[in-house]
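Okay, so here's the structure we're looking at.
Values quoted throughout were computed directly from the atomic coordinates according to the rules given, and no laboratory measurement underlies them. Please read these numbers as outputs of a predicted model, since none were measured by experiment. Every residue, glycine as well, gets a Cβ built from its backbone with ideal geometry; the counts of neighbours run over all protein chains shown.
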């Protein structure tokens, strides 16, 4: 198999008996590189792509290079056998997304394709860190994720931890990864080990991919870390020096394409993973420790709406959806406002048993509806301020709360209980990032 | 007038003939401070509040202090007279908001109250920088701002610049200040001077207020800077060292309470104002220069909707609002996605002449709908990708475009034209802030 290689280079590789997945050595001028032969997607037919032991993908011009086959890839049979024997210290559940994707030749677009097993093949050093038990649960792009899948993932998490896994890694598309992280977090009141959602911003067949470092780090984290919480692990900065584990209910995708797109909002991350040293450095002491058992209750009621307020918004638009929903999360302006025209609509909603919760579209900071007249009027209408909770986290929590309370008072009580750290009462200066003004 | 002062301290001030707005000197132990006596809202009846020349408010225990009256505040008559004579180099238009607010004694809440004239009285050094002509246009909290007010503000801006003002300052509540900035920006194809929206996060009667430094900086900026653009000016960082002027269409309120809440997203700010040195430092060379005349066309059609996508969102919710709108801005996930269930709804909307534009809820980065299958499907439905435009900016631009195009093709053309820098094609590493991971 020589996926992506063409013409002269393909013939040359075949003549050496080299296939994708084989360990090879490349010598060119004074450079010598060892690594796994990777599929090539370069337009340049002379480029050979190798994944090195340190996790980097390197593309090298093959002209003038010497190639040596060091060892053949394991056959499908060998791998299946090994998989069966594994102690399963870390369970990897694949749901789809870029981290398990490759580029479609025909269109140039990316679609989910590589199995977790295939990734393990390209990243054999993961097996030195932990015994792996991998499973494909779904193959969907995360923008198509739904509450019913959150429940299925939670069930698989419980099953895996109950069977003795030290931790669970969930390979997930990045688009809605923080929503899923919140959903799983609210689904467990106790966890025997970490549940680590991991994704990548560039697919694993691209030289700049972050998938192998992220996956490698997530396995270290799942196995070694002392917490029983749901975390999102991605690059901490744009280079490859470390990865960061964020508390699942306090993280947000803040950039469309950067590898360090995921950042904690209004809270300190859980841990830093120095992946080159196989080391987990906890960044806070107040994490939720590993529990004795896995207590799960994963139900969601998606009859909710996220209202993003803007000037000129007609309150009657909200009335149109009234019959279809049991709760609204408002992403209001500033400290938690809408125009005062919404006062009457919210009052009517609350009277009819629809929960109305307030968050801020600023994202950073916390709502405080006592400062301005508008906020006080909205409070008077029965709108519930939701502190420093992110709008997205509040929405997922509302879906969960609606499925677990008898009435709107019950929903309110659940919404205001700090279940898994979704409220942070202690904000400090460093929770707002530094901006470049030079 | 001794607003806020009670008991012994009030009697003491009266005995010295000192009133709010008078210039006084306080001597206590080895400290000597000169400034304007400011209303006190401290619970401690012994605290005297003084605004110093450098813009800081200071609260000092009055016990044991010596007070000297240096000069009386100008009378109402004097000020009115002076106002009339002024050359009006900088026009200040007050619309309301915290920058012109004070605390309600009864409730502790903040309501708009101080006139711009009153602020000028507390900040007499503004008059050393420029001749001021101040006017109260509205007295509303910005969460109640509406498109019809955007037009009124634009008309007042045109009138002021046409009459010869070097620049215009608009005092505005911070909640929706960036929406208004975008609206004014799209309303002018040419401006003879800067239009500077300025707000404050803490009201002017609080010792920690940012209102005087911001207002002072905005006047320097309006008078001195070389651009004919709409800018938002606020603190650049949490201390008082400098203020930053952001391009109105590229700025967002990113924190509910910090004084440096406003930050440029996906672009470099326009200028830094070193207010202690009365100096404007341009941060970019590609600003739009002052024009020869003021070309205004300020109409908005608010039959729009901002759809914030989340997992589990039922596409039929969008159909409920269909009859009420002429355009939708989607804040999609990642590179510009929704679940693929929305494909059909969007197709139907576009077929019926409703514009559908895609932005990203990540805020940073740009949409790219060619990378994943989902994006390509949505493109096929007629959804228009809107680059790195912020969802809020795109929404305001859509309201403007709907009022200026004949049909959906015309709207599309306007939406994709880079009018005032709402698209930035050149992203660099430093457009993403630095996050604390220690």
Considering only DSSP beta bridges where both residues belong to region A:304-416, give the percentage that are antiparallel (nearest 5).
-> 5
Counting only C-alpha contacts under 8 Å and six or more residues apart, can you give the relative contact order of region B:304-416 as a whole percent?
-> 27
Taking the convex hull of the alpha-carbon atoms of region A:176-239 and averaging its shadow over every direction gives an area in square nanometres of 4.7
Could you work out the relative contact order of region A:166-243, using alpha carbon pairs under 8 angstrom and six or more residues apart, expressed as a whole percent?
-> 35
Once you have the alpha carbon radius of gyration of the protein assembly as shown, what is it after dividing by 2.2 N^0.38 Å, with N set to its residue count?
-> 1.03
So how far, in whole Å, is the C-alpha centre of region B:346-416 from the one of region A:317-351?
-> 26
In the calculated pair distance distribution of region B:304-416, what percentage of Cα-Cα distances lie above 26 Å?
-> 7
Taking only Cα atoms, what is the 0 to 90° angle, nearest 10, from helix A:147-162's long axis to the longest principal axis of chain A?
-> 60
Measuring from the longest principal axis of the C-alpha atoms of chain A, the long axis of helix A:177-187 (C-alpha) lies at a number of degrees, nearest 10, equal to 60
Taking the label point as lying 7 angstrom from Cα along the Cα-to-Cβ axis, what are the distances from residue B:136 to the corresponding position in the remaining copies, in ascending order and in nanometres?
-> 6.9
Rounded to the nearest 500, what is the 222 nm mean residue ellipticity of chain A from helices alone, with -39500 (n - 2.57) per DSSP H run of 4+ residues and division by all residues?
-> -7500 deg cm²/dmol
Every other copy gets compared here: list the nm distances from the residue A:34 label point (7 Å along Cα to Cβ) to its counterparts, shortest first, one decimal.
-> 7.7
Over 18 Å [Cα-Cα, region B:325-380], rounded percent | 27
Over all directions, what mean area does the Cα convex hull of region A:7-71 project, stated in square nanometres?
-> 4.1
Output, in nm with one decimal and in ascending order, the distances from the residue B:404 label point to the matching label points of the other copies (7 Å from Cα along Cα-to-Cβ).
-> 5.0
With springs only between Cα atoms under 10 Å apart, run a GNM on chain A and tell me which of A:271, A:245, A:181 wobbles the most.
-> A:271
Within chain A, what percent of beta bridges assigned by DSSP are antiparallel, to the nearest 5?
-> 60
On a 0 to 90 degree scale, rounded to 10, what angle separates helix B:76-85 from the longest Cα axis of chain B?
-> 50
When only alpha-carbon atoms count, how far does region A:202-310 stretch along each of its three principal axes, as whole angstroms with the largest first?
-> 43, 42, 26
From zero up to wherever the largest Cα-Cα distance of chain A sits, split into 20 Å bins and tell me the percent of pairs in each.
-> 25, 49, 22, 4
In percent, what relative contact order does chain B have, based on Cα pairs under 8 Å that are 6 or more apart in sequence?
-> 11
